[in-house]
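Have a look at the structure below before the remarks.
Every read-out reported here was derived from the displayed coordinates using simple, explicitly stated rules and does not represent laboratory data. The model shown is predicted, which means the values in this text are computed figures rather than measured ones. Cβ coordinates were reconstructed from backbone atoms using ideal geometry, including for glycine residues, and neighbour counts include every protein chain displayed.
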Amino acid sequence: MRTIKVLSGILTVVLATATANAKPMTYGCDTAADRYSALEQQVDLKSFTLSAQIQPNEFRKGQYAPLAQIYLESADEKNRWSVKLIAPDHKAKAALVLLSRIENGKEDEPFPIGAVKLGEKIAISLKITDGKKINFKIGDLDGSPEMDLGETAKLAVICSTGDFVFSDLEWSEK
């Protein structure tokens, strides 16, 4: 019985270490028109970091605009912080980069950051502490707003109606 407990403890430490030391990944998010693909996970926001580069490669013609997005949403779904790349249409040569917030169920006007051309990348880094202190850098813009996302939130990495690559994507809960 003692051997089982020791092995169980070692396995837990190995899994925790593997998760904490996970290498950056590439998420090739390639969807047909009006379809989407997403990675979603519950994350702890006491001390959370995320970094990625997003590269738009192709926009598709559809009812919905081509979009790539990374967001964190509170458990009650009333608060959301997100960065979006959205193309005005399938013929666009660049995607607009927007910072978007929903607070207490009310969406703020999206804040324009710039644009990223097809085939180019924009870097994103994010750090959240205590579930509400946000420090971010998106391209050359940085900011540090406060927004109550709670101790745990849903992390979503999404694309729709196009081909986008999320490279060097990694997040950590410490």
In whole percent, the Cα-Cα distances of the range 89-174 spread across 5 Å bins from 0 upward as 3, 10, 19, 25, 21, 14, 7, 2, 0
Looking at the range 98-129, which GluC sites (Glu not before Pro) are DSSP coil and have at most 14 other C-beta atoms within 10 Å of their C-beta?
Glu120
Mind checking which of Ile70, Ile86, Ile113 has the largest fluctuation in a GNM of the chain, springs on alpha carbons under 10 Å?
Ile113
Lys, Arg +1 and Asp, Glu -1 on Cβ, resulting dipole of the range 22-126 about Cα centre, debye, nearest 20:
380 debye
In degrees between 0 and 90, to the nearest 10, how far off the longest principal axis of the chain does helix 2-20 point, with axes built from Cα atoms?
20 degrees
Straight-line reach only, C-alpha to C-alpha below 17 angstrom: list the lysines that Lys46 could link to, leaving out same-chain residues fewer than 8 apart.
Lys127, Lys132, Lys133, Lys154, Lys174
Do any GluC sites (Glu not before Pro) in the range 43-100 lie in a DSSP loop with no more than 15 other beta carbon atoms within 10 Å, and if so, which?
Glu77
Theoretical FRET efficiency, 1/(1+(r/R0)^6), r = Cβ-Cβ of Glu120 and Asp34, R0 22 Å, to 0.05:
0.30
Mind listing which trypsin sites (Lys or Arg not before Pro) in the range 77-122 are in a DSSP loop and have 13 or fewer other Cβ atoms within 10 Å?
Lys91, Lys93
Taking a crude spin-label model, label points 7 Å out from Cα along the C-beta direction, the Asp130 to Asn104 distance in nm is 2.0 nm
Dipole of the range 24-173 (Lys/Arg Cβ +1, Asp/Glu Cβ -1, origin at the Cα centre): which of Gln55, Val83, Gln42 lies farthest to the positive side?
Gln55
